[in-house]
Amino acid sequence: YDRINVAIDGPAGAGKSTVARLVARKLSYIYVDTGAMYRAITWYMLREGIPPEDELQVNRIVRDMIIELIPEEDVQKVLINGEDVTPHIRSLQVSGQVSQYSKLEEVRDRLSHLQRQMALRKGVVMDGRDIGTTVLPDAEVKIFMTASVEERALRRYKELKDTETVTLEQLEHDIAARDRLDEGREISPLRRAEDAILLDTTFMDINQAVEAIVSHCRSYV
Ligand code: C5P
């Protein structure tokens with residue numbers, strides 16, 4: 001079989017990363033979580049005390065930083081200048097700020113370039129917001145994964161409730177706000193590519209979503 005690239009986009013909390021990771025495992029492909037890269041930059045900037053409004057400083061730092069993705073068995077590690085930032089990037093603080101940094105041109109240029117390089121040899125399952133539209137417009141399979149905002153908040157709540165003090169209502173509000181920012185930004189906003197298959201997972205479990213995507217990939221190759 002020839003290897004293909006699979007682009008999975010969609011709003012926050014639709015289950016993209018869980019599903020994409022399992023799809024990659026089934027196909028023996030490499031999984032690339034692009035959200036983790038935007039989160040890693042966000043965490044780094046917050047720690048350095050550089051607000052997103054200070055675009056000049058953000059640009060300068062982003063240009064010089066070394067970003068590495070290390071695929072491991074279950075998690076994918078993100079290193080910035082050699083430092084493993086993975087344990088910090090899922091916090092509510094990072095989730096609340098990431099859209100402010102991810103709308104910046106230099107940030108997007110730098111990360112899209114890295115992402116394209118990772119997909120050059122095909123055999124990649126990549127999830128994010130702009131993979132089908134901007135990063136890999138030639139991906140053989142494109143999926144746009146959604147679920148109702150209530151269902152997405154509930155899934156996030158189950159993930160976070162043991163480590164963060166947060167209510168379901170707050171998560172629903174946060175997720176809707178992040179979607180609005182990601183959809184409304186100027187550069188490569190969250191949008192379904194015209195040739196992407198719409199997969200609404202509101203009433204699907206993980207395995208059903210994985211199977212739907214894998215069978216689509218198999219019918220392609
Ligand atoms: O997928 P995840 O929720 O981890 O993504 C975090 C944030 O990173 C998104 O809300 C979005 O602002 C940004 N992002 C992006 N483009 C991508 C992936 C993520 O702008 N391809």
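The values are calculated or read from the model by the stated rules, or taken from the named source; none is laboratory data. Predicted model, so just to flag it, every value in this text is computed and none were measured. Every residue, glycine as well, gets a Cβ built from its backbone with ideal geometry; the counts of neighbours run over all protein chains shown. With ligands, DNA and RNA removed, areas are computed over all heavy atoms of the protein, side chains included. Shrake-Rupley method; radii C 1.70, N 1.55, O 1.52, S 1.80 Å.
Some notes on this structure:
- Matching residues, segment 60-95, being open to solvent by less than 60 Å² (accessible area, probe 1.4 Å) and near the ligand (Cβ under 10 Å from one of its atoms): I89, V94, S95
- When residues of segment 176-220 are limited to those that are of a type in the set (D, E, K, R) and touching a strand residue (DSSP E or B) at 6+ places or on another chain (Cβ under 7 Å), the one surrounded by the fewest Cβ atoms within 10 Å (Cβ to Cβ): D195
- Of residues in segment 156-175 being within 12 Å of the ligand (Cβ to nearest atom) and open to solvent by less than 70 Å² (accessible area, probe 1.4 Å), the one nearest to V32 (Cα to Cα): R156
- Condition check for V6: open to solvent by less than 40 Å² (accessible area, probe 1.4 Å), of a type in the set (A, V, I, L, M, F, W, C) and more than 25 Å from V166 (Cα to Cα): yes
- Just one of the listed residues (V141, V107, V125, V98) is in contact with a Phe, Trp or Tyr (Cβ under 7 Å, 6 or more places away or on another chain), more than 19 Å from L69 (Cβ to Cβ), open to solvent by less than 30 Å² (accessible area, probe 1.4 Å) and aliphatic (A, V, I, L, M), and it is V141.
- Residue-level check: of (1) open to solvent by less than 50 Å² (accessible area, probe 1.4 Å); (2) more than 10 Å from the ligand (Cβ to nearest atom); (3) modelled with pLDDT of 95 or more, L120 misses just (1).
- Residue within segment 76-83 that is over 18 Å from the mean Cα position of the chain (by Cα) and either closer than 21 Å to D182 by Cβ or part of a loop (DSSP other than H, G, I, E, B) (or both) present: yes
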